[in-house]
Each structure stands twice: as structure tokens, then as C-alpha cells.
1. Restrict the check to segment 16-38 and report whether at least one residue is over 11 Å from the mean Cα position of the chain (by Cα), basic (Lys, Arg) and under 13 Å from Ile4 (Cα atoms).
2. Does Leu64 meet the test of being assigned to a strand (DSSP E or B) and touching a Pro at 6+ places or on another chain (Cβ under 7 Å)?
3. Return a yes/no flag: does segment 6-28 have any residue that is outside any strand (DSSP E or B), surrounded by 16 or more Cβ atoms within 10 Å (Cβ to Cβ) and touching a Ser or Thr at 6+ places or on another chain (Cβ under 6 Å).
4. Restricting the first residue to segment 52-79 and requiring it to be modelled with pLDDT under 90, which pairs with a second residue that is among the hydrophobic types (A, V, I, L, M, F, W, C) meet a Cβ separation below 6 Å and a spacing of at least six or different chains?
5. Look at Ala61 and say whether it is out of contact with any helix residue (DSSP H, G or I) (no Cβ under 8 Å at 6 or more places or on another chain) and hydrophobic (A, V, I, L, M, F, W, C).
Amino acid sequence: MPLIFSPKADKHGVPRKSTWYVVMTTQPMTFITNWGEEGCWYTGVDERGVELEIGTVRRGADELVVHAMPTVHRHRDKK
């Protein structure tokens, strides 16, 4: 399955190889976006041992990565 990266997917500096690894090795939580498209939310540990959250939208046979961030960034504000 090809992954396509939106410009916002690179915002947090997650290597694309790490994003691909998490998408290929974890089961997604699926949902329907506000635009009626199927979305997938992946949470998993990459090959470097960093936990990531990845958000994608399915477009035909492709998945468009719209979000890739280490989960440590999410939890930083909750202290």
C-alpha cells in the first residue's frame, strides 16, 4: 500500500521511514472523517523505540499521511 505524505505530515520531524514502519506493523483504529472519507489512526513504536501517533486518510488504494507525531509531544502539555 503506497503512503503519500501531505506537507503537514512532516511538521514534527518524524522520519518517513518511521511513519511507514508504524503503519505497517500496527492495527489502526478506523473512523469516518467529516468529509466522509475513511481515516485511520495508528499508535505504535517505530524501529528506533519511539512511540508515534500517525493519522491517515484512505484515498483509493493509497493512504495520505496527514499527521505524524511522537506521543511524548501529546503528553507534554498534560503535566
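1. Yes, some residue in segment 16-38 is over 11 Å from the mean Cα position of the chain (by Cα), basic (Lys, Arg) and under 13 Å from Ile4 (Cα atoms).
2. Values: assigned to a strand (DSSP E or B): yes; touching a Pro at 6+ places or on another chain (Cβ under 7 Å): no.
So Leu64 does not fit the description; no.
3. No.
4. Asp62/Ile4
5. Numbers: out of contact with any helix residue (DSSP H, G or I) (no Cβ under 8 Å at 6 or more places or on another chain): yes; hydrophobic (A, V, I, L, M, F, W, C): yes.
Here the answer is yes, as Ala61 does meet what is asked.
The values are calculated or read from the model by the stated rules, or taken from the named source; none is laboratory data. Every value quoted in this text rests on a predicted model; they were computed, and no experiment measured them. Here Cβ is always computed from backbone atoms with ideal geometry, including for glycine, and neighbour counts include all displayed protein chains.
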